[in-house]
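Okay, so here's the structure we're looking at.
The values are calculated or read from the model by the stated rules, or taken from the named source; none is laboratory data. All of these numbers come straight from a predicted model, not from anything done at the bench. Cβ coordinates were reconstructed from backbone atoms using ideal geometry, including for glycine residues, and neighbour counts include every protein chain displayed. Just so you know, the surface numbers come from the protein's heavy atoms only, side chains and all, with ligands and any DNA or RNA stripped out. Shrake-Rupley method; radii C 1.70, N 1.55, O 1.52, S 1.80 Å.
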Amino acid sequence: MPEQCIKLPIEVGGVLSGPYLTVVTPSGRADFSISLVLGVGVTRLDFETGGGHRNTTLALADGLPLVVSGRHFHRWKHNVRFIEGDGRLEGLKHAEELPVTIRSFDAALRFFCHETNIHLPHGHLIELPRILL
């Protein structure tokens, strides 16, 4: 299925180049993901009702469960170990479940920005991409 995607540049030191925020919504579903991209996605929030996956056994060292169910957050500090010798990131393999209080796109966006140290103005105009049915 096609998906809707918005990419928002992130200002760093007064310059709009380099990192950006993406919001992806698969068509026909209310799920979405929010990512911080620095060449590759380095942090991601997956807001999937039926989502989840297994973490590797290395996650136990970070206090993460072996399995996350439903909506979850991939922190950089839990995934930096997966950078390969040539600088490629194999993938965001470790995640933690989102707090149950996060039930909307705006709450998820605010959580994501807070956790990644991105300043999000109170009256921001970022909306979930329109879902094509």
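Mind checking the per residue accessible area of the chain for me, 1.4 Å probe, whole number of Å²?
59 Å²
If you average the C-alpha positions of the stretch 59-133 and of the stretch 10-24 separately, how far apart do those two centres end up, in angstrom?
One Cα centre to the other: 17 Å.
Report the relative contact order of the chain, percent, no decimals, based on alpha-carbon pairs under 8 angstrom and at least 6 residues apart.
Working: 230 pairs, mean separation 27.8, N = 133.
Reported as a whole number, the value is 21 percent.
Highest first, please rank the peptides 104-114, 6-16, 57-67 by the mean number of other Cβ atoms sitting within 10 Å of their residues.
104-114, 57-67, 6-16
At 1.4 Å probe size, with the rest of the protein present, what percent of the exposed accessible area of the chain is carbon and sulfur atoms?
It is 56 percent, rounded to a whole number.
Using a 1.4 Å probe and counting only protein heavy atoms, arrange V24, V100 so the residue with the most accessible area comes first.
V100, V24
Please give the FRET efficiency for I126 paired with K77, using the beta carbon to beta carbon distance and R0 = 25 Å, rounded to the nearest 0.05.
0.50
Counting helices only, and only those DSSP H runs with n ≥ 4, report the 222 nm mean residue ellipticity of the chain as the sum of -39,500 (n - 2.57) divided by its residues, in deg cm²/dmol to the nearest 500.
Calculated from helices alone, the mean residue ellipticity at 222 nm is -3000 deg cm²/dmol.
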